[in-house]
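Below is one structure, written out as structure tokens; the observations come after it.
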Amino acid sequence: MTTPNDLIPFTPLSNAQQKSAFCLDGSLPGYHLQKGFGSGSDKWVLHIEGGGWCNSIETCSFRQTTKLGSSRFMEHEVQFFGILSSDPSQNPDFFDWNKVKIRYCDGGSFSGHPDSEFKNGTEFFFRGQVIWEAVMDELLSIGLSNAKKALLSGCSAGGLATLIHCDDFRETLPKDANVKCLVDAGFFLNEKDIAGSPTIERFYQDVVNLQGVAKSLKKDCTSRLEPYKCFFPQEFISNIKTPVFLVQPGYDFWQIQNILVPRSSDPHRSWFRCKLNINNCNSKQLEVLQDFRNSLLKTLDGFHKNPEGGMFINSCFIHCQTWVTETWHSPRSPKINNKTIAEAVGDWYFNREEAKHIDCPFPCNPTCYHMNFTQGLTGRRLLQVY
């Protein structure tokens, strides 16, 4: 019998060598699987791990020495929380499903291609797309191909991978299965930084060019735009046919720290304290943050009109929220319209009711968890989530 405190072992891909599916350093990619039980035995929830990207030889070299670039540094066992929990009090709708955590070790949101690898003996494996296909093949062979219900989810860079592969995932499963995609903090905005520089655009351009990502991107996007622009969800989300739910904080600390106010845009470090704790921001800085949130809402205006879509846009200074119990579903979780994220996602997945929840602006929501990087956390305890 599954218990909520089980440690779930790492499973290296058995077909990795055959498929040439390797992490950045050439080690074997893999996943953690907890079998479903009872009525959940033919239902599957997959969660793609996040962890940013590498955009250069230097950053990919460093990544090879971490668990985000090599399975040699990954934990052998992990506990499942949030959307992967088997405790019905923490995960009311998906607790008894087959649950899979897909480990992220390619540095390109499961979208890189080997033909972009260097032929000069430099040992970099850009195999994100190959890993994705190999993981799917293996999971299909052990029961996913018979799924009646399936939910592909991911956080951060894993959320972007979820958007990129959502329709592919739908197409691999039975036609009569209920298949949807959940994206947690994966809607990265193409916005200039406070100095007016296109920092994130240049970064994404480097990732796409280095890892040969273009082939994995939506053709109806790359046919009209430069490929790197199609790494931004705002350029292709309207072309995704499978129903999508977006969990996105209006004040995503990763985007504030890396897109809006990267170090290069703030040489005098006037934003330093604000970036660490939103409660330290002065009135002018808060105006900039409100504009950033407004850009998100404006960009999502078309998606908001999609009858099959769902959204939970809360006004918290946080990043990922679905794989942590405290933010997914607990008595003290963030709420909008008196719904936790788990309740809103369940309403949408099972078509119980429309689930489009948009919070009022900061600081209006007292249920928020706000990350505080000056002393760990503000107000309430929370696992570090990024």
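The values are calculated or read from the model by the stated rules, or taken from the named source; none is laboratory data. Small disclaimer: the values here were computed from a predicted structure and weren't measured. Reconstructed Cβ throughout: ideal geometry from the backbone, glycine too, with neighbour counts over all protein chains shown. Side chains included, ligands, DNA and RNA excluded: accessible areas come from the protein's heavy atoms. Shrake-Rupley method; radii C 1.70, N 1.55, O 1.52, S 1.80 Å.
Would you check if there is a residue in the stretch 305-316 being closer than 30 Å to Lys149 by Cβ, in contact with a His (Cβ under 8 Å, 6 or more places away or on another chain) and aliphatic (A, V, I, L, M)?
Yes.
Restricted to the stretch 105-124, and to residues that are at pLDDT 95 or above and hydrophobic (A, V, I, L, M, F, W, C), which residue is surrounded by the fewest Cβ atoms within 10 Å (Cβ to Cβ)?
Phe110
If we keep just the residues of the stretch 135-160 that are surrounded by 23 or more Cβ atoms within 10 Å (Cβ to Cβ) and of a type in the set (S, T, N, Q), which is nearest to Gln18 (Cα to Cα)?
The residue in question is Ser153.
Taking the options Val324, Val345, name whichever one is more than 22 Å from Ser238 (Cβ to Cβ), under 18 Å from the mean Cα position of the chain (by Cα) and not aromatic (Phe, Trp, Tyr). Spell out the reasoning first.
Values: Val345 fails: more than 22 Å from Ser238 (Cβ to Cβ).
Among Val324, Val345, only Val324 is more than 22 Å from Ser238 (Cβ to Cβ), under 18 Å from the mean Cα position of the chain (by Cα) and not aromatic (Phe, Trp, Tyr).
Which one is farthest from Arg293 (Cα to Cα), of the residues in the stretch 183-207 that are of a type in the set (Val, Ile, Thr) and crowded, with 23+ Cβ neighbours inside 10 Å?
Keep residues of the stretch 183-207 that are of a type in the set (Val, Ile, Thr), which gives 183, 194, 199-200, 207.
Remaining after also requiring crowded, with 23+ Cβ neighbours inside 10 Å: 183, 207.
Numbers: Val183: 18, Val207: 25 Å.
Only one residue tops the list, namely Val207.
When the stretch 220-233 is examined, which residues are found to be within 22 Å of the chain's Cα centre (by Cα), of a type outside the set (Ser, Thr, Tyr) and in a helix (DSSP H, G or I)?
Scanning the stretch 220-233 gives Cys221, Pro227, Lys229, Cys230, Phe231, Pro233.
Residue check: is Phe62 outside any loop (DSSP other than H, G, I, E, B), free of Cβ contacts under 8 Å to residues at least 24 places away in the same chain, more than 14 Å from Leu139 (Cβ to Cβ) and under 22 Å from the mean Cα position of the chain (by Cα)?
Working: outside any loop (DSSP other than H, G, I, E, B): yes; free of Cβ contacts under 8 Å to residues at least 24 places away in the same chain: yes; more than 14 Å from Leu139 (Cβ to Cβ): yes; under 22 Å from the mean Cα position of the chain (by Cα): yes.
Yes, satisfied.
Would you mention how many residues in the stretch 254-291 are acidic (Asp, Glu) and exposed (fewer than 15 other Cβ atoms within 10 Å of the Cβ)?
Filtering the stretch 254-291 down to residues acidic (Asp, Glu) leaves 266, 287, 291.
So of that shortlist, the ones also exposed (fewer than 15 other Cβ atoms within 10 Å of the Cβ) come out as 287, 291.
Residues in the stretch 254-291 being acidic (Asp, Glu) and exposed (fewer than 15 other Cβ atoms within 10 Å of the Cβ): 2 in total.
Residues to consider are Glu58, Glu49; find the one that is open to solvent by 20 Å² or more (accessible area, probe 1.4 Å) and under 19 Å from Gly154 (Cβ atoms). Spell out the reasoning first.
Details: Glu58 fails: under 19 Å from Gly154 (Cβ atoms).
Testing whether each residue is open to solvent by 20 Å² or more (accessible area, probe 1.4 Å) and under 19 Å from Gly154 (Cβ atoms) leaves just Glu49.
What single numbered condition from (1) under 20 Å from the mean Cα position of the chain (by Cα); (2) buried (at least 21 other Cβ atoms within 10 Å of the Cβ); (3) farther than 14 Å from Asn279 by Cα; (4) not hydroxyl-bearing (Ser, Thr, Tyr) fails to hold for Asp359?
Unmet condition: (1).
Given Gln290, Gln257, which one is in a helix (DSSP H, G or I) and farther than 17 Å from Thr199 by Cβ?
Values: Gln257 fails: farther than 17 Å from Thr199 by Cβ.
Gln290 is the lone residue from the list that is in a helix (DSSP H, G or I) and farther than 17 Å from Thr199 by Cβ.
Which residues, taken from the stretch 70-104, are surrounded by 16 or more Cβ atoms within 10 Å (Cβ to Cβ) and either of a type in the set (Lys, Arg) or at pLDDT below 95 (or both)?
Lys99, Lys101, Arg103
Being in a loop (DSSP other than H, G, I, E, B), at pLDDT 95 or above and of a type outside the set (A, V, I, L, M, F, W, C), is that true of even one residue in the stretch 159-169?
Initially, the stretch 159-169 is screened for residues in a loop (DSSP other than H, G, I, E, B), giving none.
Within the stretch 159-169, not a single residue is in a loop (DSSP other than H, G, I, E, B), at pLDDT 95 or above and of a type outside the set (A, V, I, L, M, F, W, C).
Sort out which residues of the stretch 159-207 are touching a residue at least 24 places away in the same chain (Cβ under 8 Å) and over 30 Å from Glu308 (Cα atoms), and write them in order of number.
Scanning the stretch 159-207 gives Asp193, Ile194, Ala195, Ser197, Thr199, Phe203, Asp206, Val207.
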